[in-house]
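Asker: Handing you a structure now.
The values are calculated or read from the model by the stated rules, or taken from the named source; none is laboratory data. Quick caveat, the model's predicted, so the values are computed rather than measured. When we count neighbours, we look across all protein chains shown, and the Cβ atoms used for this are built from the backbone with ideal geometry, even at glycine. Surface accessibility is based on the protein's heavy atoms, side chains included, excluding ligands, DNA and RNA. Shrake-Rupley method; radii C 1.70, N 1.55, O 1.52, S 1.80 Å.
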Amino acid sequence: MNLSIDPKAVSASGFFGACVGVATKRLTQDAMYGVGLGVMGLQLLNYLGYITIEWNKIGDDITKRIDQDGDGKLSRKDFQIILNRFLEIMKTGMPDAAGFSIGFVVGLKLM
């Protein structure tokens with residue numbers, strides 16, 4: 001069995017994985033920033049009496065959309081399923097999927 005590994009492919013895949021990890025982290029933070037600003041604005045209007053918000057209904061609707069394992073609640077498992085699907089899409093066609101995955105984790109956690 002010949003397990004030849006091209007070091008250029010490994011380093012390129014790892015580099016691309018790190019880049020995708022950094023981009024994912026940044027986009028996630030930016031999305032959360034935007035949602036946070038929206039909630040602040042809506043809550044201010046709610047507080048001032050201009051609108052009434054049914055936060056429980058919003059929470060239930062979000063849970064129905066994001067719940068991946070069908071248990072009716074949001075859990076770490078749901079987000080793990082979403083992350084795994086995302087990684088499968090990002091790794092497709094990469095010369096070294098393991099290198100990409102390691103690079104992704106490095107970019108997401110350490111950069």
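Asker: For the chain: lysine pairs with Cα atoms under 21 Å, gap of 8 or more or different chains, count?
Answerer: Taking the chain as the scope, the lysine pair count is 10.
Asker: Hey, got the dipole for the stretch 51-99? About the Cα centre, +1 on K and R Cβ, -1 on D and E Cβ, debye to the nearest 20? The partial results should precede the final answer.
Answerer: Values: 8 positive and 9 negative charges, 11 e Å.
So the magnitude is around 60 debye.
Asker: Binning at 10 angstrom from zero up to the longest distance, how are the C-alpha pair distances of the stretch 24-67 distributed in percent?
Answerer: 25, 41, 30, 4
Asker: Return a whole-number percent for the relative contact order of the chain, with Cα pairs under 8 Å and 6 or more residues apart as the contact set.
Answerer: 56 percent
Asker: Using a/c under 1.5 as the rounded threshold, could you call the stretch 3-86 rounded, prolate or oblate? The axes a ≥ b ≥ c are square roots of the C-alpha gyration tensor eigenvalues, and prolate needs a/b larger than b/c, oblate otherwise.
Answerer: Because a/c hits 1.5 or more and a/b fails to exceed b/c, the stretch 3-86 counts as oblate.
Asker: What's the carbon and sulfur percent of the stretch 42-111's accessible surface, probe 1.4 angstrom, rounded to a whole number? Walk me through the numbers before you get to the answer.
Answerer: Values: 3300 of 5450 Å².
Whole-percent figure for carbon plus sulfur exposure: 61.
Asker: Note down the magnitude of the dipole of the chain about its Cα centre, charges +1 on Lys and Arg C-beta and -1 on Asp and Glu C-beta and zero elsewhere, to the nearest 20 debye.
Answerer: 220 debye
Asker: For residue 81 paired with residue 64, estimate the spin-label separation in nm (one decimal), with each label point 7 Å from Cα along the Cα-to-Cβ line.
Answerer: About 1.7 nm separates the two model spin labels.
Asker: Given the DSSP H assignment, sum -39500 (n - 2.57) over each helix run of at least 4 residues in the chain and divide by its residue total; what's the result at 222 nm in deg cm²/dmol, nearest 500?
Answerer: The helix contribution divided over the chain gives -26000 deg cm²/dmol.
Asker: Let me ask you something else. Charges on Cβ only, +1 for Lys and Arg, -1 for Asp and Glu, centred on the Cα centroid of the chain; of 50, 83, 106, which one is farthest towards the dipole's positive end?
Answerer: Checked the options; the winner is 106.
Asker: For the chain, find the longest principal axis of its Cα atoms and tell me its angle to the long axis of helix 55-66, 0 to 90°, nearest 10.
Answerer: Between the helix axis and the principal axis of the chain, the angle is about 20 degrees.
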